[in-house]
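Structure first, commentary second.
Coordinate-derived values only; no laboratory data. Being a predicted model, the structure only gives us computed values, none of them experimental. All Cβ positions, glycine included, derive from the backbone under ideal geometry; neighbour counts span all protein chains shown.
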Amino acid sequence: MLLFQNFLLGFLDTLTGHLILVSYLLAVTDERAIGKRLKKLPPLLLSPLVASLAALWLYAVPVFHALRYFAGSLLILAMCTLWVMWAWRWSFWQALSATCMAAILQVATTALFQILFLLFPSSLGLDLAAMAAILVFSIAAAALLKRLRFGAWFRLLLEDRSSPCRTAILLFLLEISMETFLILQNGVEGQYLAAYYLLGVVLVLVIIGLIVYLARRFDDSRTLQMQRDIIAQQQLYEQSLEEIRQEVRSFRHDYKNLLAGLSQQAEEGELWALRTALSELDAGFDRHLGEKIQLSAQIGNLRIPQVRSLLLSKLTDMQGKGVAYRLEVLYPVEDVSLNAWDFVRCLGLLVDNAIEAALDTPQPWVEIILLAQGRRVFLRVSNPYVNPIDPGKLWDTGWSTKGAGRGLGLPSYQRILENYPNASTGTSWEGGVFVQELTVEGRP
């Protein structure tokens, strides 16, 4: 009976720890669709049961207490990481980073409550009452972190695709260090325990400051790179306008000669030849000048610098790869009810996927339509395709029509839009044409 009570108490303690971890996960990931994530919580409840059973087995093994503690902690960390991968549909490194950061905050909560237990030993004498108090405090602390936008900075750091492995390993080492900090409390004299736990809280605050600092540096670097891209693409745009000017000058130079030839044909009654010459002249104008004027007009309607820069870059990329393109922006696009960077990321993912799929076809092409009506923005990206499409796997991470390990675009695209209830998507394929649509309504 005593063994069962100990097991039940250990299970409740581990369950409370998991709920605390989830509350901090929602904060560090800047989660907006909280209800959607909580619906995926039941499978995680298996983790406390497995951890409690593993703890019983580990206590029967003659090893050091520290080894048992670390083995149990690593098991829980692994199970939570797998759950985050499934619930958030993130890569392993992103899920590990988020789980470790939440675990570090959980250690800070434990250290803080140890201080309270030392200062007020009789106020929380019951174990269940202590668990409930820690859980309530953790939810409040997670809400405060979310309100302070720590999750936005941390998620920004996760978007750095250049070093996801290094970020995850750094946070994993910090998490192991904090767990070691808790283990070493057994060697601290009672009169110094409060100061020792306070040091742990301070260390976690330093880690939070480090995360914000690294995220700010990444954000500044990304903004600087985007500004450089904007300057480079503006130069390309100006070069295109200069080519149009040269074409107009050339056309003007030949204009009188062309009119003289046409007048001579008209006087001689050569109506068929006159019509043919006019048709060729019109076609030549559209081919050499009209298309450039139309493209410049479409680009000029893009009033969001980040979007204009990205599309200019993608059009240049398509031109270099031999992909025919058509851009249609009939009305000025001045604002979109999404974070500008998130919209650029979505647009970039859709266009990159379209280019990659189009290159597999005999005559590659990509069509981009961007339409603004009031505060509503509609995006449509079309391309030909030849590979088979499985609707059930289209949004799975790692799946691609070109083989395993290639499909990272559409799942990332969907994850971005999960935070925007005013955005809706559509996907269709028929007659060898694959179409992605994104509609963004005005802010509620």
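Taking the Cα centre as origin and putting +1 on Lys and Arg beta-carbons and -1 on Asp and Glu beta-carbons, what dipole magnitude results for the stretch 129-229, to the nearest 20 debye?
Computed about the Cα centre, the dipole is about 420 debye.
How much space per residue, in cubic angstrom, does the convex hull of the C-alpha atoms of the stretch 303-358 take up?
Normalising the Cα hull of the stretch 303-358 by residue number yields 76 Å³.
Roughly what would the spin-label model give for F11 and K36, points 7 Å off Cα along C-beta, in nm?
Going from the F11 label point to the K36 one covers 3.3 nm.
Along the three principal axes, how long is the stretch 71-111 when you take its alpha carbons, biggest first, rounded to the nearest angstrom?
Principal-axis extents of the stretch 71-111 (Cα, largest first): 31, 19, 14 Å.
Can you compute the FRET efficiency between Y331 and A195 using 1/(1 + (r/R0)^6), with r the Cβ-Cβ distance and R0 = 60 Å? Round to the nearest 0.05.
E between Y331 and A195, to the nearest 0.05, is 0.40.
By how many nm would the segment from Q373 to N419 grow when fully extended, if each residue of separation counts as 0.36 nm and the alpha-carbon distance is taken off?
Answer, rounded to one decimal: 14.3 nm.
Could you check the spin-label model distance between F92 and W341? Points 7 Å from the Cα along Cα→Cβ, value in nm.
2.8
Taking a point 7 angstrom from the Cα of T223 along the C-beta vector, which residues in the stretch 134-175 have backbone N less than 15 Å away?
Only 153, 156-157 pass the distance filter.
Could you let me know the centre-to-centre spacing of the stretch 328-348 and the stretch 139-216, using Cα atoms, in angstrom?
35
Over the stretch 129-200, how many percent of alpha carbon pairs lie in each 5 Å bin up to the one with the longest distance?
3, 12, 12, 15, 23, 17, 10, 6, 2, 0
Roughly how many nanometres apart are two label points built 7 Å out from the Cα toward the Cβ at L210 and E437?
4.9
Would you please give the FRET efficiency between R166 and W365, computed as 1/(1 + (r/R0)^6) with r the Cβ-Cβ distance and R0 = 51 Å, to the nearest 0.05?
0.85
How much FRET efficiency would the formula 1/(1 + (r/R0)^6) give for I176 and D352, where r is the Cβ-Cβ distance and R0 is 45 Å, rounded to 0.05?
Efficiency computed from Cβ-Cβ geometry: 0.75.
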